[in-house]
Amino acid sequence: MDTIVKIENVIKNYGQVQALKGVSFDVCKGEVVFIIGTSGSGKSTIIRCINRLEHVTSGTIWIENQCVTSHQVDVRKIRENAGMVFQSFNLFPHLTVLHNITLSPVMVKKMPKEQAIDNAENLLKRVGLFDKRDTYPSQLSGGQQQRVAIARALAMSPKIILFDEPTSALDPEMTKEVLTVMEDLAQEGMTMIVVSHEMGFAKAAAHKVLFMDYGEIIERGSPDEIFNNPQHERTKQFLNNIL
Amino acid sequence: MAAIDTNTNQQNSFKIDMTDGVLVPERNENTIFSAWRISFVGAIALLFILFFFSESNLRRIMVFVSYTINQSVTLESHNNIKNELSVSTIPGNVFRERIIKPVRKTNIQKKFMSLYMYDEKSDIFEISPGLSEKEKVFVLDTIYSVYLINPFAEALKFVPDGIKTTFIVTVLAIFFASLIGLLVGLGRISRITFINRIATIYVEIIRGIPLLVQLFYIYYALAKIVNIEGIASAVIAMSVCYGAYIGEIFRAGIQSIPKGQMEAALALGMTRSQAIMKIILPQTFKVVLPPIGNEFIALLKDSSLVSILAVADLLRRGREYASKTFYYFETYTVIALVYLILTLFFSRVVGIMEEQLKKRG
């Protein structure tokens, strides 16, 4: 399989604090990669480095043939290719659901408005929220908001989508509706990097699981290997605590 | 579907509490709203009462005097007037303030002085006996002109003219201050160090100098370099001063928008300036509207400071009027009431705006 994201020895410092201590991994096209670990272990930081919401201190990140970490690169091109879904949804509260989705394609990609609306309506059908197209985010439940946020990320036709704890702010029922959408995406062959603790979902959909602790990946493998037969002491401890 | 979720709070309900203007009455805040209603209705009613019903304690006599004058003064009526004036005591202080002082300022002083008798001990005013009819008319006329009119109603006459200037200064200053404020607010969050420094230094300097001093500075001190006409310098000083305060409100407003909004916009490929224009500022306007409305009211009040320049605003017109007529009490009562009614009116307008914003979420 083609490698689509290549992360090599990434180090990220916040002042004196070292958040990432040399993280390396590859993601292949169509792969779903799960990153698990305690809070503060650097799992959010690494995916925020991939679309350059954070800039690495050293190391390189490649998305296909673009070097994310180079200073010459057009950051906006990278972000068009790497969509992101946030824990707190971050829908734009002053815009309708449809406008939330069409804004960026029209403004950034210069897509004709009619085409953007068509596209957005198709995406809304896909996440099952077509009837909510003209409502405002505050009128939606959390699960619905997160599904709109996924549609919004998809509207830019990204090559990969980064999920930063997409279900942590949701109750179990809402979590389920969001996971269903994500599972569909995975089956359609979307490349996804997911920071999450939804172990059930990881077992069902992930191709690869990375366990991070104190800014390092200390164990990696298939879901089966990590969940059923963890090698590292820290991993065992962590899984015991959350399962 | 239930519109309840854990993040509604985070995304939608921001309010910056700043009350250097006036209390902004909203319908659901009972104490403030009823206080507002009492003062607003009270102020209007008081002005109304003063205008139509006030009379000085001498008014009754003067009505009689005017009646006599209109009948043309005869020897017979002279006696009546004389009796009436000497029998009813005119309080000495009122007499001195209202008749002697104004008359002294004019060149008819001597002539007038010889026409009456005033006994300070008993504090009684009397027209000198044996005046010609022309002289009597003169005395009565003077007294009449000072007394008969309702001083509150008179004092209201300069109000429309003064309010016009106050409004011109206020509206122009609000416009330019908002413009400056927006630029300063954006400058304060700018990542370009130079722009950020300039904006911050501007805010620091302007907020450190009293508005009154700034007014003097632009009008008098800068006259050495450029001569700026009254209203223009008033508008410039007020805009520059309030621009700094409003700039800080804009900055606080922009920074109150959750960081996730900017991140989401950037993650969708927008540039920082696109994100600010399309995502951050539209939300900021909602947040800052109430405190800026409040600032506008404060500006309306502070516009009275420009009366120290050659700007004929409400307060200055009042001062001119009072120094001519010596109706100090009446004039300043009217001025205070007019300002109060204006600010209470606009504070309610701001309150209504806030209510509308809350309704729309």
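The values are calculated or read from the model by the stated rules, or taken from the named source; none is laboratory data. On a predicted model such as this, the values are computed, not experimentally measured, just so you know. Counting neighbours? That spans all protein chains shown, and the Cβs are built from the backbone with ideal geometry, glycine included. Surface accessibility is based on the protein's heavy atoms, side chains included, excluding ligands, DNA and RNA. Shrake-Rupley method; radii C 1.70, N 1.55, O 1.52, S 1.80 Å.
Quick notes
- For chain A, the convex hull spanned by the alpha carbon atoms encloses 129 Å³ per residue.
- Applied to segment A:124-137, the Karplus parametrisation 6.51 cos²θ - 1.76 cosθ + 1.60 on θ = phi - 60° returns per-residue 3J(HN,Hα) values of 5, 4, 4, 8, x, 10, 4, 5, 9, 4, 9, 8, 9, x Hz, with x for Gly and Pro.
- Within 10 Å of the Cβ of each residue in A:92-98, the mean number of Cβ atoms contributed by other protein chains is 6.
- Label reach from A:Thr96 (point 7 Å along Cα→C-beta): in segment A:109-132, amide nitrogens under 11 Å belong to A:132.
- For segment A:107-243, the alpha-carbon coordinates run over 55, 29, 26 Å along the three principal axes, in decreasing order.
- Separation of alpha-carbon centers, segment B:252-285 and segment B:327-361, rounded to whole Å: 34
- The residues of segment B:262-361 present an accessible area of 38 Å² per residue when probed at 1.4 Å with all protein chains retained.
- Mean residue ellipticity at 222 nm, helices only, chain A: -11500 deg cm²/dmol; runs of at least 4 DSSP H residues each add -39,500 (n - 2.57), and the sum is divided by the number of residues.
- Approximate spin-label separation B:Lys259-B:Ala232, in nm, with each point projected 7 Å along Cα-to-Cβ: 4.8
- Association of chains A and B removes close to 2500 square angstrom of accessible area from solvent, both sides included, for a probe radius of 1.4 Å.
- When only the Cβ of Lys, Arg, Asp and Glu is charged (+1, +1, -1, -1), the dipole of chain A relative to its Cα centre reaches about 600 debye.
- Modelled FRET efficiency - R0 56 Å, A:Lys113 with B:Phe329, Cβ distances, 0.05 increments: 0.25
- Separation of segment A:111-155 and segment A:176-224, taken as the distance between their Cα centroids, equals 24 angstrom.
- Three-way shape call for segment B:306-348 based on the alpha-carbon gyration tensor, with the a/c threshold at 1.5: oblate
- Here chain A has 46 percent of its accessible surface on carbon and sulfur atoms, given a 1.4 Å probe and all protein chains in place.
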